[in-house]
Amino acid sequence: MCRPSWFIEGCLGMRKPTLEEVAIEAGVSKMTASRALRGVADVSSETRDRVIEAATRMNYVGNRLALSLSSQRTNLVAVVVPSMSNIVFPEVLAGISAGLDGSGMQAVFGISDYDTAKEREIIRDMLSWQPCAIIVTGLDQPEETVQLLRQANIPVIQLMDLDGTPIDFNVGLSHGEAGAAMASKLVAAGRRRFGYVGSALDRDLRAGKRKAAFESVLRTHGLHFVDQRLDDAFSSIALGKQLTTAMLAAIPDLDCIYYSNDDMASGGLFACMELGVSVPQKILIAGFNGLDLVNSLPAPIATSRSPRRAMGEAAARLVRQAVAADQVSGQKTVAFEPVITGIDG
């Protein structure tokens with residue numbers, strides 16, 4: 001028997017509404033209400049809107065675990081990133097969230113701290129929640145993690161790197177090409193005595209790819225890194241300043257320093273200013289990411305500007321398309337190119 005909304009609202013004062021009651025209010029079956037709330041593609045937009053409106057009015061909170069037992073998936077999109085210590089990954093996550101807005105899907109985030117074992121356990125835990133898709137950072141997961149992702153039977157989107165073999169969907173840029181392009185620009189600008197400052201390259205594999213490609217271009221011109229300063233700690237402005245100060249104390253006649261990212265490069269600029277070394281006249285400083293911070297520095301530095309938010313939005317679009325089409329695999333790649341700024345000549 002169909003009960004009027006006033007009857008339902010009066011009965012719900014002290015308890016949570018059920019899916020069946022939402023369905024009655026919307027004038028549909030319980031199964032249709034369930035499919036509408038999960039965003040299944042074969043439910044008409046009119047029916048979906050009616051069910052959502054009823055659920056909203058009744059303050060209905062669904063049991064995602066119960067839904068996953070019958071549908072084998074929830075509306076959750078699992079996202080694993082290595083760090084939140086600078087603006088890079090928050091911008092990616094903002095792009096993912098914006099891209100999923102209005103889809104009925106909700107992103108949930110895990111942070112691996114560049115630790116492959118921790119990443120594997122986070123992925124394992126997240127897959128137990130029956131997400132409808134998973135987004136992971138990079139293409140360098142160990143084989144055990146790759147197998148875990150392959151067996152998940154949901155869309156897998158690997159983000160921010162194109163240098164490798166993707167499991168399925170791939171969104172990002174080539175870090176090797178980014179490093180090579182920066183080296184070519186700096187050599188063309190007349191720089192010859194190069195230093196390198198980096199951190200945690202055993203974990204930040206994308207920074208390692210940029211460094212290797214940069215060195216390869218230098219070798220083709222008969223050049224090399226005159227000095228290198230590496231540290232196991234995560235990147236920071238303070239660490240970049242510390243390592244640059246030590247480098248210039250040992251090798252004061254460098255004319256260019258390449259850094260693993262803009263945080264480190266910004267610290268290098270402050271070290272040069274403290275030592276009275278003019279930038280970019282005497283030493284040209286180059287980083288990676290194109291952080292907004294670079295625009296506010298007291299002297300210009302070169303950087304490769306990566307479209308982080310746009311990559312997050314592209315990953316979300318792939319998730320939406322795959323879920324709407326009930327598509328587990330797509331083998332689709334979305335490629336971006338960084339833009340180099342801050343080099344004259």
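The values are calculated or read from the model by the stated rules, or taken from the named source; none is laboratory data. It should be emphasised that the depicted structure is a prediction, and the values quoted were computed from it without experimental measurement. FYI the Cβ positions are ideal-geometry reconstructions off the backbone, even for glycines, and counts take in every protein chain you see. We work out accessible area using only protein heavy atoms, side chains counted, and drop any ligands, DNA or RNA first. Shrake-Rupley method; radii C 1.70, N 1.55, O 1.52, S 1.80 Å.
What to note about this one:
- Accessible surface, per residue, of the stretch 19-62 when the full set of protein chains is kept, probe 1.4 Å, Å²: 54 Å²
- Percent antiparallel among DSSP beta bridges (both partners in the chain, rounded to 5): 10 percent
- Portion, in percent, of the accessible area of the stretch 175-305 that falls on carbon or sulfur, probe 1.4 Å: 54 percent
- Total formal charge among the other residues, if their Cβ is under 13 angstrom from that of Asp263, Lys/Arg +1 and Asp/Glu -1: -3
- The charge dipole of the stretch 101-179, taken about its Cα centre with unit charges on the Cβ atoms of Lys, Arg (+1), Asp and Glu (-1) only, comes to about 280 debye.
- Order by protection proxy (mean Cβ within 10 Å, highest first), peptides 258-267, 186-195: 258-267, 186-195
- Accessible surface, the stretch 100-218, averaged per residue in Å² (probe 1.4 Å): 37 Å²
- Taking a ≥ b ≥ c as the square roots of the eigenvalues of the Cα gyration tensor, the chain is prolate, since a/c reaches 1.5 or more and a/b is larger than b/c.
- Rounded to the nearest 20 debye, dipole of the chain from Cβ charges on Lys, Arg, Asp, Glu: 420 debye
- When only the Cβ of Lys, Arg, Asp and Glu is charged (+1, +1, -1, -1), the dipole of the stretch 196-235 relative to its Cα centre reaches about 220 debye.
- Sequence ranges 28-35, 283-290, ranked by mean other-Cβ count within 10 angstrom, highest first: 283-290, 28-35
- Alpha carbon centroid spacing (whole Å) that separates the stretch 272-345 from the stretch 194-243: 17 Å
- Furthest towards positive pole of dipole, Ala249, Ile285, Ala325, structure part the chain, Cβ charges: Ala325
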